[in-house]
Structure formats: C-alpha cells, structure tokens
Amino acid sequence: MATPMIGRGGNFRLQKHAEGGVSLIEVVISMAVLTVGMVSMLGVFGLAMASTQTSQQDTIAKQLANESYESIITARNTTQISWVDLQNVSNGGIFVDGAQPIYNAGVDGIFGTADDAAAGEQTLQDPGADGIYQTADDILIPLTGYKRTILISPVKDTAGNTVTTLRSVTITVQYATSQSNMSKTYTLNSFVSQYQ
C-alpha cells in the first residue's frame, strides 16, 4: 500500500510499504522438497514392512544353523564321534557334503550326517490360538523351503601349516522368502577344537 507524503516545497512522493507474502516459486520449491521427503519415507516404510514379513523365516534359519553347530559340539564333548570323524565325507568324516534338506537328526543324534534322511523332514511346532504347546490346535511348520550346508575345513596358521587340533565350521542355511523368488542365506562361522 502506498501512502502519499508531502515533501518540501509541496512535492508529493509516494512511499511504498514492503508487503509480506510467498511467491509462487517459493511454493513450488517447498512442494518439491516435501515430495522428495515423503517418497523417501515411503521407501523406508516399504523396506521395514518387507523385513518384518520375513523375520520369522530369518529366525528359523538362524535357529537351524545354531542347532547344527550345537549338535557338533555336543558330539565332540560326549566323545560320541572321534576327531577324525568330525569332517565332511569328502575328507573322511561323517558330515554330508553340499546342501541338504532339513531332516531330523538320525540315530546318532547329530544333524547333517547320512542317517538323517531316514529320520524324515524336520518340522517346527507353533502353539495355536491357545498359546500352549502339545494341544490339538498346534500348527506344524514344514521346513521344505530350507536347505543346510555344513562345511568343516582345516585351519592353517600364519605360516600356512595345518593346525591339527582346530577346524573351521561354516553352516549355511538357504531359504526362499514368500515375498520374492530370491533365496536368502544365513551363515554361521565358528571353530571347533579337538579339546573341550
């Protein structure tokens, strides 16, 4: 808004007052920044949803790998198998080479050995709606989409010599998610010593 001012000698000058407001370009820039932020948030939200939906499968894979490793350690601790047997079949041991279906432990009680196939496919038991195990509404989850590889290999020292009392254990569980056709893997790496 302009207000007339009377100056010296009767001259009139107009004085403009600054008007506040937002220009169209400022609105467009702020909308662009907001859009980029919202699209980023949606992407993170989608990723979180996908991770949540596969979390049960991820937990199952982790449990299967830990279960296999614990059976190896237990077999060693109880002297159920000799140190020579604690290798893959290709190296003269009892652990089957390559990816295998998830079977129950066979007669020897050790996962990943040749007698597991006769014990049948392993299933997980989930308590039903009542939340209590061993009732009629329990849900059995078959592990048909899972495969486990147990690789036991020698360990070498810094000079390249084989350490005869130590072996590397790598257990890989491979599984397909229901959300995609891609397979995921969970790998557990550890060592096992000849001594307890």
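The values are calculated or read from the model by the stated rules, or taken from the named source; none is laboratory data. For clarity, every value in this text was computed on a predicted model and none was experimentally measured. Here Cβ is always computed from backbone atoms with ideal geometry, including for glycine, and neighbour counts include all displayed protein chains.
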_Residue match in segment 8-16 (condition: assigned to a helix (DSSP H, G or I) and either closer than 30 Å to ILE110 by Cβ or at pLDDT 70 or above (or both))_ = no
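Can you report the number of residues in segment 77-109 which are over 14 Å from THR149 (Cα atoms) and either over 24 Å from the mean Cα position of the chain (by Cα) or among the β-branched types (Val, Ile, Thr) (or both)?
Residues of segment 77-109 that are over 14 Å from THR149 (Cα atoms), as a first pass: 77-86, 91-93, 104-109.
Narrowing the set further to residues that are either over 24 Å from the mean Cα position of the chain (by Cα) or among the β-branched types (Val, Ile, Thr) (or both) leaves 77-86, 91-93, 105-109.
Residues meeting the conditions: 18.
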*Got at least one residue in segment 58-72 being at pLDDT below 90, part of a helix (DSSP H, G or I), among the charged types (D, E, K, R) and under 30 Å from VAL169 (Cβ atoms)?*
yes
_Which numbered condition ASP116 fails, given (1) acidic (Asp, Glu); (2) at pLDDT 90 or above; (3) loosely packed, with under 15 Cβ neighbours inside 10 Å_ = (3)
*Exactly one condition in (1) touching a helix residue (DSSP H, G or I) at 6+ places or on another chain (Cβ under 6 Å); (2) assigned to a strand (DSSP E or B) is not met by PHE111; state its number.*
(2)
*Among the residues of segment 149-157, is any loosely packed, with under 13 Cβ neighbours inside 10 Å and of a type in the set (Val, Ile, Thr)?*
no
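Quick check on VAL192: is it surrounded by 15 or more Cβ atoms within 10 Å (Cβ to Cβ) and touching a Lys or Arg at 6+ places or on another chain (Cβ under 6 Å)?
It is true that VAL192 is surrounded by 15 or more Cβ atoms within 10 Å (Cβ to Cβ) and touching a Lys or Arg at 6+ places or on another chain (Cβ under 6 Å).
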*If you check ALA61, ALA48, ALA99, which single one turns out to be farther than 24 Å from VAL155 by Cβ and in contact (Cβ under 8 Å) with a residue 12 or more places away in the chain?*
ALA61
